[in-house]
Amino acid sequence: MSWIALGTGIYAIAIISVCLRIIFDTRSTEKALAYMLVVIFVPLLGVAIYFSFGISYRKEKLYSKKIINDKNALAELQLKTKQETEKAWDNSEPSIQRHKKLALYLLNDGMSPLSGGNKVKLLINGENKFPEVLDALRKAKNHIHIQYYIFEDGDIGTQIKDILLQKVKEGVEVRFIYDDFGSSSIRREFVDEMVKGGVQAFPFYKVHFILLANRVNYRNHRKIIVIDGSVGFTGGINVADRYINKAGKPYWRDTHLMIEGPGVHYLQYLFICDWNFCSGRHLKLQQGFFSAVPTPGGKATVQIVASGPDSDQPTVMFSIVETIMLAEKELLITTPYFIPGGNVLNALQVAAGSGVAIKLLVPYRSDSKLVNAAARSYYAELLDAGAEVYLYQQGFIHAKTLVSDGDLAIIGTANMDHRSFELNFEVNAMVYDKALAQELRIVFYEDINHAKKINPKTWKARSFYRQLPEKVARLFSGLI
């Protein structure tokens, strides 16, 4: 046997072995096919890409660390969670009752309670969010828990840092989690200053060599603030100056949510789970972390949904699919990245075909050409089903929201793409409240005034050369 034949045989066995590893190791069909295409057609580079970004041996380690903490916390909260959900159902509005299947799924899958008696406030853009955040932080008496994917050393980041340092001096316990990849700009001097001032700060899933490590995957994309166990914030807005719109700067359209009441409890639980994982410390559940004080005037029912690499199921994705399937009249969806995969796309097609009015609002141009091309490859199928697609043109729309039939609003951190559904730690707030849903509905229709509606005939008539890059990008949508 010649050396060439021997080398070819070894090479073939290696490629087959890698493909088998991909098949057994990858839950998503789209992702598995994409990695196999790269490995087969770009052999050496493809294998390097897979072992750098796709392999889940670190995911196995991540599971073992997180699940232990989750189970301990779950056991302590289980009874209270069921009682809280039963009470919320008894006191909920009739319009909420038709979402019972969705709420029960979230309860059974992740023990996420349905919490009544909340005050909720919609915060549009950074200029409306950050004044509320700064005010709430200044009022903290017992503890502040803050967790962000992107936290930058800018004007707003410095303001928050200064308040946190001041609150520590006042005796408030401050815990801070930052994603080591998304918040790489604060990893040294900024965080060091906070730690020296008494803030307990840890990176989530530390990255040592960003360009060589697959820890670019499995990022903590959550944005959570919990203050004294009674006030919470979550949504799409990170801590960075670009989220605050000023004259002469690119316009950034985003949405956040402020919650006052028991709906904050599950945000607190998520923070504690993430804290125990990344800090290596075991923060025990304390009564002071879950305020029992009722919120005056609180009428909204809230349920928090979360998932990530530590989840047995892609709960965020399943909750969106169930929301789509339960819709009867209208679905208003805003997302900056629309790479839905088969489950969500099929649910939207079925809903549209059954007469549900579906309107999708996405950026005219994404901040990634590859993502933009892959997303555009899905529009024709939605248009064929009767959905409407709008391309936002005033600036970049980064909000992740959904309004179903004017009585259920979803506001959170999860994009409608594979990365949010499978690879990142995400959190969404399900708000079963007609007043908030109607408010978000009005905001959606204001946003589409700044968008271009796609004409189905014109879109389908685009040239082969316009559509080809989008079709090719879609083949690799499982990787982006």
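The values are calculated or read from the model by the stated rules, or taken from the named source; none is laboratory data. Since we're looking at a predicted model, the values are computed, not measured. Heads up, the Cβs are rebuilt from the backbone with ideal geometry, glycines too, and the neighbour counts pull from every protein chain shown.
Might you check whether a residue that is polar (S, T, N, Q), assigned by TED's automatic domain parsing to the domain that holds Arg219 and buried (at least 24 other Cβ atoms within 10 Å of the Cβ) occurs anywhere in segment 135-147? Working first, answer last.
To start, the set of residues in segment 135-147 that are polar (S, T, N, Q) comprises 142, 147.
From the residues that got through so far, the ones that are assigned by TED's automatic domain parsing to the domain that holds Arg219 too are 142, 147.
From the residues that got through so far, the ones that are buried (at least 24 other Cβ atoms within 10 Å of the Cβ) too are 147.
Within segment 135-147, one or more residues are polar (S, T, N, Q), assigned by TED's automatic domain parsing to the domain that holds Arg219 and buried (at least 24 other Cβ atoms within 10 Å of the Cβ).
Taking each residue of segment 417-429 that is in a strand (DSSP E or B) and looking for partners that are surrounded by 24 or more Cβ atoms within 10 Å (Cβ to Cβ) and modelled with pLDDT under 90 with beta-carbon atoms closer than 6 Å, six or more apart or interchain, yields Phe425/Gly308. Checked against (1) more than 21 Å from Glu152 (Cβ to Cβ); (2) touching a helix residue (DSSP H, G or I) at 6+ places or on another chain (Cβ under 6 Å); (3) not aromatic (Phe, Trp, Tyr), His256 passes all but a single condition, namely (1). When segment 235-287 is filtered for residues that are acidic (Asp, Glu) and either outside the structural domain of Glu127 (by TED's automatic domain parsing) or modelled with pLDDT under 95 (or both), only Asp274 remains. Residues in segment 158-199 that are part of a strand (DSSP E or B) and more than 19 Å from Leu134 (Cα to Cα): Asp179 only.
The residues of segment 207-225 that are in contact with a helix residue (DSSP H, G or I) (Cβ under 9 Å, 6 or more places away or on another chain), part of a loop (DSSP other than H, G, I, E, B) and at pLDDT 80 or above, listed by number, are Arg219, His221, Arg222. Among the residues of segment 377-392, is there at least one that is within 19 Å of the chain's Cα centre (by Cα) and among the polar types (S, T, N, Q)? Looking for residues that are within 19 Å of the chain's Cα centre (by Cα) and among the polar types (S, T, N, Q), one finds none in segment 377-392, hence no.
A count restricted to segment 304-320 and to residues that are surrounded by 20 or more Cβ atoms within 10 Å (Cβ to Cβ) and either free of Cβ contacts under 8 Å to residues at least 40 places away in the same chain or charged (D, E, K, R) (or both) stands at 1.
Restricted to segment 419-459, and to residues there that are hydroxyl-bearing (Ser, Thr, Tyr) and touching a helix residue (DSSP H, G or I) at 6+ places or on another chain (Cβ under 8 Å), the residue that is modelled with the lowest pLDDT is Ser420. Looking only at segment 331-370, residues that are surrounded by fewer than 15 Cβ atoms within 10 Å (Cβ to Cβ) and either part of a loop (DSSP other than H, G, I, E, B) or in contact with a Ser or Thr (Cβ under 9 Å, 6 or more places away or on another chain) (or both) come to 6 in all. Every test in (1) under 16 Å from Pro363 (Cβ atoms); (2) part of a loop (DSSP other than H, G, I, E, B) is passed by Gly406 save one, and that test is (1). For segment 412-448, residues that are among the small types (Gly, Ala, Ser) and farther than 20 Å from Phe204 by Cβ total 3.
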